[in-house]
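I have placed the structure first, in the form of structure tokens, so that the comments after it can refer back to it.
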Amino acid sequence: MTTEQPHTRTQPAAPTAGPTARTAGPTARTAGPTARTAEPTARPPLWDRRFTLFFAARTVSMVGDAMMPVAAALAVGALYGISGVGYVLGTWTGTFVVLVLFGGVWADRFGARRMMIGADLVRVVTQGVLAAAFFVGTPPFWLLVTMAALAGAAVAMFLPGANGMVPLVAREPQRANATLKVADALAHLLGPALAGLLIALAGAGTVYAIDAGTFLLSALCLALVRLAPAAADSAVRGAGSLRADLRQGWREFRARTWMWAVILIWVGYGVLLFGPVVPLSSALVGARLGPDAYGLAVSFLGAGTVLGGLVALRVRPARPLAAGAVAMALYTVLPLGVALSAGLPVLLAGHVIGGGALAFWSVMWATTVQTHTPPAALNRVSAYELAGSVSGIALGQMLAGPALALASPDRLLLVSAAACLAGCVALFATPAIRTLRSATPPDQP
């Protein structure tokens, strides 16, 4: 959710296939022992042509997304200082939050794949323009802000459909989500390092040019994805006004207590936990152990995310959100370790555990949204979830600085740790969250 994910789809393939398989069961059983032994061991393939192309598109797009903040921080910061970086990144985030609901509507109306391809092509243009500007000389500040706004708008069109595509290209959404989460973690390990290295060796223009190339490759892979005719038809809708579509998405979102309750908790997490944890942790760890130690901690966080995704590939809990809430309680060790001035080994271990906990929750959440939401409104529902999650984080980031006038960074991180535990208690205290069962058919391995 935050970050994660939360978001867009059409008819969940696994639930759709489930009843068919169960209906066929008696016929298969009467056919003889061969059918009886083959049926339980059959496992839908994950790496077919559709998922492989989609995975390639998402992975290279993730690498591009991971490179963008580092490129902006280093390239823009060298020209216009910290305030310039803040304006550029703030414009990107603000545009995304404002437009993401419309991205959900249009993904449901015109098809998620089309919107994702269009968004990738827009980012090819924005990053390509910036690459050319840096190659020529010093880009004017207005150009940087304008391209940031267009890129943020493109992400708002891309993300609501990205997760919604998963049930269309994979028969087992949880396996697919876990695989994508591992790729996401690796992208966020490699992307920033690659961006920093390229800026040092070849300059900002090269970074932006390669960034544009990642989005072009993503668009090409998505264009090659061929959806089943029924799925493609159900993903495209042209009736209804924009306002009516937004209202329908809101009704679907509001009708699911487990969904809006999680988002309310996640808004609190954004303000008290996810928003302030990065600026506060970087300041404390950097001052005590040096900037290299914080960079190492971030790398271990990524390693933990990979491990959490791998665990989610194997574990299939009957109540996925309850299991995710248990995992999220482990995230507490991350802000707690920083606040208590833990030594480097303990600090790194806390980041591994925190990354794994958040990754496991993200997979459980994304799969639950994908399999419990009507296909016709999935992208819009995901957009509402995205808007709530991101707005909380943005607010937490903005308040982290002013909050230092009230308490020291270590005490603020103790508040973050307490908020993490309180949120987990709230997740378990809500029956709609605690008792929600997996929609995966019981006879599916």
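A few remarks follow.
- Residue ID - surrounded by the most Cβ atoms within 10 Å (Cβ to Cβ), chosen from residues in the range 252-264 that are assigned to a helix (DSSP H, G or I) and not aliphatic (A, V, I, L, M): 253
- Selection count, the range 329-371, where residues are closer than 18 Å to residue 249 by Cβ and in contact with a Lys or Arg (Cβ under 7 Å, 6 or more places away or on another chain): 1
- Consider the range 303-360 and keep the residues that are hydrophobic (A, V, I, L, M, F, W, C) and not in a helix (DSSP H, G or I). The one that is farthest from residue 417 (Cα to Cα) is 318.
- Selection within the range 327-378 - aliphatic (A, V, I, L, M), more than 20 Å from the chain's Cα centre (by Cα) and closer than 30 Å to residue 168 by Cβ: 376
- Single match in 286, 275 (criterion: closer than 27 Å to residue 182 by Cα and in a helix (DSSP H, G or I)): 275
- Condition check for residue 215: under 25 Å from residue 365 (Cβ atoms), modelled with pLDDT of 85 or more, among the aromatic types (Phe, Trp, Tyr) and surrounded by 22 or more Cβ atoms within 10 Å (Cβ to Cβ): no
- Among the residues of the range 369-379, those identified as at pLDDT 85 or above and either under 23 Å from residue 156 (Cβ atoms) or among the hydrophobic types (A, V, I, L, M, F, W, C) (or both) are 369, 370, 373.
- Residue in the range 183-193 that is surrounded by fewer than 24 Cβ atoms within 10 Å (Cβ to Cβ) and more than 18 Å from the chain's Cα centre (by Cα) present: yes
- Options 166, 129: the member that is on the phi < 0 side of the Ramachandran plot and within 18 Å of the chain's Cα centre (by Cα): 166
- Residues (surrounded by fewer than 22 Cβ atoms within 10 Å (Cβ to Cβ) and either without any contact (Cβ under 8 Å) to a residue 40 or more places away in the chain or not hydrophobic (A, V, I, L, M, F, W, C) (or both)) located in the range 265-293: 268, 279, 282, 286, 287, 288, 290, 291, 292
- Test: residue 180 is touching a Gly at 6+ places or on another chain (Cβ under 9 Å), more than 19 Å from residue 99 (Cβ to Cβ), touching a residue at least 60 places away in the same chain (Cβ under 8 Å) and outside any loop (DSSP other than H, G, I, E, B): yes
- Answer residue from the range 108-152, given it is under 18 Å from residue 221 (Cβ atoms) and in contact with a Gly (Cβ under 6 Å, 6 or more places away or on another chain) and is modelled with the lowest pLDDT among those: 112
- For the range 35-79, filtered to residues that are hydroxyl-bearing (Ser, Thr, Tyr) and modelled with pLDDT under 75, the residue that is farthest from residue 196 (Cα to Cα) is 37.
- Identity of the residue in the range 264-294, closer than 20 Å to residue 329 by Cβ and among the hydroxyl-bearing types (Ser, Thr, Tyr), that ends up farthest from the chain's Cα centre (by Cα): 281
- Condition met for residue 115 (in contact (Cβ under 8 Å) with a residue 24 or more places away in the chain and under 24 Å from residue 298 (Cβ atoms)): no
The values are calculated or read from the model by the stated rules, or taken from the named source; none is laboratory data. Worth saying up front: this structure is predicted, and the values here are computed from it rather than measured. A quick note on method: Cβ atoms are made from the backbone with ideal geometry, for glycine too, and the neighbour counts reach across all protein chains shown.
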